[in-house]
Amino acid sequence: MAAPPARAQDKSITVFAAASLKNAVDDANKAFTAASGIKVIVSYAATSALVKQIESGAPADVFMSADLRWMDYAAKHGLINVETRVNLLGNKLVLIAPKDSKLDAVTIGKGFDIAALAGDGRIAVADVEAVPAGRYAKAALETIGAWQKAKKKLAQADNVRAALIYVSRGETPVGIVYATDAKIDPRVKIVGTFPENSHPPIAYPVAATIAAKPGALRYLSFLRTSRAKAIFEAFGFAYLIRPVS
């Protein structure tokens with residue numbers, strides 16, 4: 001016999017997560033469901049798009065952001081339960097090229113000219129005004145003095161995974177993504193890492209939404225376990241908190 005609708009609803013939660021989290025969160029969700037019996041429905045997109053969807057009434061129980069600014073926005077607009085908020089993960093910003101590119105071991109610092117490196121091609125990057133990965137990239141390029149030349153060559157994507165695909169398919173000779181994105185695509189290679197002091201610290205805060213179902217709190221508790229830590233670290237994320245179990 002099928003479960004009554006209300007009861008079936010209690011056995012599932014909806015997570016809105018930044019696109020760069022996909023592979024790791026998919027694995028974490030499998031482990032959570034196996035342990036709890038609660039199904040996790042996930043929507044992956046640029047953090048900026050997810051916030052706007054939640055603000056418009058989308059039924060999310062958990063929000064996993066790729067930066068602090070959009071989580072702050074969610075808190076300011078009463079979209080999350082601020083008591084459940086925690087900065088869970090960290091990442092690195094890297095320069096990538098197709099696997100067969102002749103580019104290799106680029107040193108990124110003051111005076112680095114990414115526009116010249118791209119030659120006649122373009123630089124794949126997430127939207128530099130709205131998407132966290134794009135904003136980190138813009139900040140880094142400004143810090144090292146490469147922004148003015150680079151901005152004319154940008155191929156901006158809706159999210160960081162779309163920027164990854166531009167490089168993976170050879171549509172652009174270089175791109176700026178997270179280290180974890182590069183790790184999951186065998187068709188690209190990391191050719192340089194942006195200095196951590198060239199951009200704001202990359203942090204992934206998570207929180208339950210203001211209208212979250214009870215299962216959301218169990219999910220957030222799972223994300224703070226040693227099991228979840230092992231999953232995220234396997235995908236290259238830095239785990240920013242001490243596991244509670």
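Nothing in this text is a laboratory measurement; each read-out follows from the coordinates by a stated rule. Keep in mind the model is a prediction, meaning the values are calculated, not measured. Reconstructed Cβ throughout: ideal geometry from the backbone, glycine too, with neighbour counts over all protein chains shown.
Some points to look at:
- Multiplying the residue separation of Ile241 and Ala58 by 0.36 nm and removing their Cα-Cα distance gives an extension gain of 63.0 nm.
- Dipole magnitude (debye, nearest 20) for the stretch 131-245, charges at Cβ of Lys, Arg, Asp, Glu: 140 debye
- The magnitude of the dipole of the chain, with charges of +1 and -1 set on the Cβ of Lys/Arg and Asp/Glu and taken from the Cα centre, is near 260 debye.
- With R₀ fixed at 30 Å, the C-beta to C-beta distance from Asp120 to Ala234 puts the FRET efficiency at about 0.20.
- Semi-axis lengths (Å, descending) of the ellipsoid that matches the C-alpha gyration tensor of the stretch 186-245: 28, 15, 12
- A simple spin-label model places the labels of Lys151 and Leu103 2.1 nm from each other, with each point 7 Å out along Cα-to-Cβ.
- The chain - Debye-derived log10 I(q)/I(0), Cα point model, q = 0.13, 0.15 Å⁻¹: -0.78, -0.99
- Each label was represented as a point 7 Å from its Cα along the Cα-to-Cβ direction; for Glu171 and Asn87 these points are 3.4 nm apart.
- Here the sum of -39500 (n - 2.57) over DSSP H runs of 4 or more residues, divided by the residues of the chain, equals -10500 deg cm²/dmol at 222 nm, to the nearest 500.
- Across the chain, the relative contact order, built from alpha-carbon pairs under 8 Å that are at least six residues apart, equals 29 percent.
- Of Lys183/Lys213; Lys39/Lys138; Lys99/Lys149; Lys52/Lys92; Lys76/Lys138, those spanning more than 31 Å from alpha-carbon to alpha-carbon: Lys183/Lys213; Lys39/Lys138
- Placing unit charges on each Cβ (+1 for Lys and Arg, -1 for Asp and Glu) gives the chain a dipole about its Cα centre, and among Ile38, Phe112, Ile54 the Cα reaching farthest toward its positive end belongs to Ile38.
- Separation of alpha-carbon centers, the stretch 196-245 and the stretch 80-150, rounded to whole Å: 23 Å
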